[in-house]
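Visitor: Take a look at this one; I'll ask things after.
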Amino acid sequence: MLYTTMTVKGKELRLRLNANMTVQVEKQIGRNPINALIGIGNGEIPKLNDLLIMLWGALQPLNRGYTINKVWDLYDDFVSEGKSINDLIEIIMEVLKVSGFIKEEEIDEEDDSEEKNG
């Protein structure tokens, strides 16, 4: 099974969205996870709530005991280690890749397009 990792306070967490958790995340944020991130290309920052719900969903298949309150604490620990919301966005993007939402080539094509237009 494909997954990506996130390390917080020395603990490595495996992250992946399966079908069940994707549906749960969609119910919570009211849209597909891709749509929550679509504005990044225009310089918009997604809502922290949406990102943390995606992180919560990605933790469920391969880690035990992560309630949304524990995910908030996890994010606070993540930030206290010098990380930022942008670092979390990168992790969520990796989760979406390993979970079959986007292909690496699609990311590369967007980067090439931005370089040509920017």
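Bear in mind these aren't lab numbers, they're just calculated from the coordinates by the rules spelled out. Predicted model only: the values in this text are computed from it and were never measured. Reconstructed Cβ throughout: ideal geometry from the backbone, glycine too, with neighbour counts over all protein chains shown.
Visitor: Based on the mean of other beta carbon atoms within 10 Å per residue, what is the order of 56-68, 73-85, most packed first?
Guide: By packing density, highest mean first, the sequence is 56-68, 73-85.
Visitor: Pop out the ³J(HN,Hα) list for segment 23-40 in order, Karplus 6.51 cos²θ - 1.76 cosθ + 1.60 with θ = phi - 60°, rounded to Hz; leave Gly and Pro as x.
Guide: Working through the residues one at a time gives 4, 5, 5, 4, 4, 6, 9, x, 6, 5, x, 4, 5, 5, 9, 4, x, 4 Hz.
Visitor: Amide H neighbours of Leu13 under 5 Å, at least 5 residues apart or on other chains, H built in the peptide plane: list them.
Guide: Here Met6, Thr7, Val8 satisfy the definition.
Visitor: What does the convex hull of the Cα atoms come to per residue for the chain, in Å³?
Guide: 108 Å³
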